[in-house]
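The values are calculated or read from the model by the stated rules, or taken from the named source; none is laboratory data. Just so it is clear, the structure is predicted and the values come from calculations on it, not from any experiment. Backbone-built Cβ (ideal geometry, glycine too); neighbour counts: all protein chains shown. Just the protein is used for accessible areas: all its heavy atoms, side chains included, with ligands, DNA and RNA removed. Shrake-Rupley method; radii C 1.70, N 1.55, O 1.52, S 1.80 Å.
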Amino acid sequence: MRTLREKIKKVAEQQLFKVTIDNITIEVPAGTTILNAARKIGGEVAPPAMCYYSKLQGSGGKCRTCLVEVSKGSEKDPRPMPKLVASCRTTVMDGMEVKNITSQKVQEGRAGVVEFLLINHPLDCPICDQAGECHLQDLSYEHGKNGTRYEFQRRTFAKVDLGDKIQLHMTRCILCYRCVFAADQLTEKREHGVLDRGDHGQIATFIQKNLQNDFIGNVIDVCPVGALTDKTFRFKNRVWFTKPVDAHRNCDNPKCCGEVQLWMRGDEVFRVTARKDEWGEIKEASNGKTGWICNECRFDKKKTTDWVIEGPSHIDRHSVISQGHYVGVHQPKETFTAVMHGRAPKLLMDIHTVSEVNKPNIDLSLLERPAHSTDFK
C-alpha cells in the first residue's frame with residue numbers, strides 16, 4: 001500500500017492553481033514555479049533566465065534576472081510579497097497575481113541585476129564566438145542601461161584549455177553554475193567546479209585536469225555566454241553567416257539521441273550542436289528523452305555524409321541568425337551546359353606553355369576546388 005505522503009503528493013499534483021501574470025490568467029498544477037507558469041503563456045510575459053535550466057536539477061536562484069513582483073500572494077492570503085522574488089524558485093499559489101513587464105519595480109531591479117552581471121564581463125563581443133546567440137547580449141540589450149557606474153579595475157583570468165576540444169574563458173563567466181550541474185548529472189565523474197569564493201570565484205578543473213568524458217561537450221550548449229566555446233569552431237566563422245539545419249544519425253552511444261543541428265556554410269559543416277527550444281534550452285528528442293549529444297557526434301562528425309539532413313531549422317524572427325533568409329532558397333541552375341548543347345564548361349586558364357605561370361602537371365579546369373597559390377609557380 002502506498003504511504004500517506006505519496007497519496008498527498010498525488011492529490012497535490014492533480015490540483016490546479018489559478019495564477020495571473022501581467023493580467024493574463026492561466027491554470028497550472030500545484031508546485032509549478034512562476035517562471036514555468038509564465039513560459040506557458042509565452043512571449044514577453046516570461047521573465048529572462050541566465051542560470052535556470054529546466055533540464056538540470058538544482059539550477060536557478062543565482063543570477064536574479066528572473067525577479068518578479070508578487071502583488072497578491074493568494075486568495076487565502078492576498079497580502080503582496082514585500083520584495084521582488086526569483087520566479088524560478090517561487091511556486092505559484094491559487095489566486096496569486098504577478099507583475100513582470102507591467103511593474104516598474106521589476107524593470108528597475110532587472111536593470112540593476114544586468115549592471116552587476118556586466119561589471120566584470122569584457123566588452124569583446126566583436127571577437128567572441130558566442131556573439132549573435134549570446135543570452136547576455138540579448139539581456140543587456142533588452143533590460144540593460146546605456147552606461148556603467150563601475151569605475152574600478154575588472155577581474156581578469158587567463159584562458160584555460162579544458163582538453164583539446166573545449167576552451168574556458170573565465171573572464172566572460174557569470175557563475176551561473178550550469179556547466180557544473182551539466183557535468184555532475186550527465187557524466188560519471190565530474191572533474192570541475194567552482195573554486196574560491198566571492199570576487200575570486202571561478203570555474204576550474206581540479207589540479208588542472210582535462211575534461212575527457214564522452215558527454216562533456218554539452219557544457220558548451222548550456223553556457224549562456226562565451227565562457228565555454230568549441231575549439232573546433234573557434235574563430236572559423238560567424239553564426240549569422242552559417243545556416244542551421246536539423247539532422248540525425250544512428251549513434252552507437254546509447255545515451256546519445258543522435259538528433260543535432262548542423263551549422264553549415266555552403267556544403268561545409270562548421271560545427272554541430274544539440275537542438276534548442278525557444279528558451280535556449282536543449283530540446284526533447286523524438287524518443288521523449290532530453291536531446292543531449294555525445295562528443296563523437298559533436299566534434300568528429302563534420303561531413304554531410306555522416307548525417308541524414310532533415311531540413312532548415314526554425315529560427316526565431318528576432319534572432320540575428322534568421323537574417324540569412326536561407327529557408328526556401330534554391331541553388332540556380334547552370335545555364336552554360338544548356339547553351340552549349342550539353343558540353344560542360346572548360347576553364348581557359350592553363351597558360352603555362354606561354355607564360356609558365358601554372359605548374360605543368362596541374363590542369364586547373366579539372367580541379368574540384370578554387371585554385372590556390374600552391375597551384376602556381
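Given points 7 Å out from each Cα along the Cα-Cβ axis, report the residue 363 to residue 188 separation in nanometres with one decimal.
Taking the simple label geometry, residue 363 and residue 188 are separated by 5.5 nm.
Between residue 125 and residue 335, what length comes free when the chain is fully extended (0.36 nm per residue of separation minus the Cα-Cα distance, one decimal in nm)? Mind dumping the intermediate values first?
On the way: separation 210, 0.36 × 210 = 75.60 nm, distance 4.25 nm.
Taking residue 125 through residue 335 to full extension adds about 71.4 nm, to one decimal.
With a 1.4 Å probe and every protein chain left in place, work out the accessible area per residue of the stretch 102-185 in Å², rounded to a whole number. Walk me through the numbers before you get to the answer.
Values: 4550 Å² over 84 residues.
Here the per-residue accessible area is 54 Å².
Could you check the spin-label model distance between residue 265 and residue 154? Points 7 Å from the Cα along Cα→Cβ, value in nm.
With each label placed 7 Å out from Cα toward Cβ, I get 2.6 nm.
Which one, 43, 217, 60, has the greatest fluctuation when you compute a Gaussian network model over the chain with C-alpha springs under 10 angstrom?
Fluctuation is largest for 43.
Per-residue ellipticity at 222 nm for the chain, helices alone: DSSP H runs ≥ 4 residues times -39500 (n - 2.57), over residue total, nearest 500 deg cm²/dmol? Could you put the intermediate results ahead of the total?
Details: 8 runs with 64 residues, N = 377.
Theoretical 222 nm ellipticity from helices: -4500 deg cm²/dmol.
Given the options 112, 258, 311, state which has the largest fluctuation in a GNM of the chain using a 10 Å cut-off (strictly under) for Cα springs.
311
Can you tell me the order of 72-82, 98-108 when each peptide is scored by its average per-residue count of other Cβ atoms within 10 angstrom, highest first? Please list the in-between numbers first.
Details: 72-82: 12.4, 98-108: 16.8.
Per-residue mean Cβ counts within 10 Å order the peptides as 98-108, 72-82.
Ordering 18, 303 by accessible area with a probe of 1.4 Å, largest first, what comes out?
303, 18
What FRET efficiency, computed as 1/(1 + (r/R0)^6) with R0 = 25 Å and r the Cβ-Cβ distance, is obtained for residue 249 and residue 318, rounded to the nearest 0.05?
Working: r = 31 Å, r/R0 = 1.24.
Computed FRET efficiency for residue 249 and residue 318: 0.20.
Sequence gap at least 6, Cα distance under 8 Å: using those rules, report the relative contact order of the stretch 228-297 to the nearest whole percent. Don't jump to the answer; show the numbers that get you there.
Details: 104 pairs, mean separation 18.9, N = 70.
Normalised by residue count, the contact order of the stretch 228-297 is 27 percent.
Defining a contact as two alpha carbons under 8 Å apart and six or more residues distant in sequence, what relative contact order in percent does the chain show? All intermediate terms of the calculation are to be shown ahead of the outcome.
Values: 635 pairs, mean separation 40.9, N = 377.
So the answer I get is 11 percent.
Using Cα springs under 10 Å in a Gaussian network model of the chain, which residue among 248, 143, 318 shows the largest mean-square fluctuation?
318
Grab the alpha carbons of the stretch 95-201, take their convex hull, and tell me the volume per residue in Å³.
With only Cα atoms used, the stretch 95-201 gives 180 Å³ per residue.
Express the carbon and sulfur contribution to the solvent-accessible surface of the chain as a percent, rounded to the nearest whole number, probe 1.4 angstrom. Before the final figure, lay out each step's value.
Details: 11570 of 22250 Å².
Within the chain, the accessible surface is 52 percent carbon and sulfur.
Over all directions, what mean area does the Cα convex hull of the chain project, stated in square nanometres?
Values: hull surface 114.4 nm².
Over every viewing direction, the Cα hull of the chain projects on average to 28.6 nm².
Output the pairs from 243/276; 236/302; 302/333; 18/76 with a Cα-Cα distance over 18 Å in this structure; if there are none, say none.
Values: 243/276 15 Å; 236/302 14 Å; 302/333 27 Å; 18/76 13 Å.
Pairs exceeding the cut-off: 302/333.
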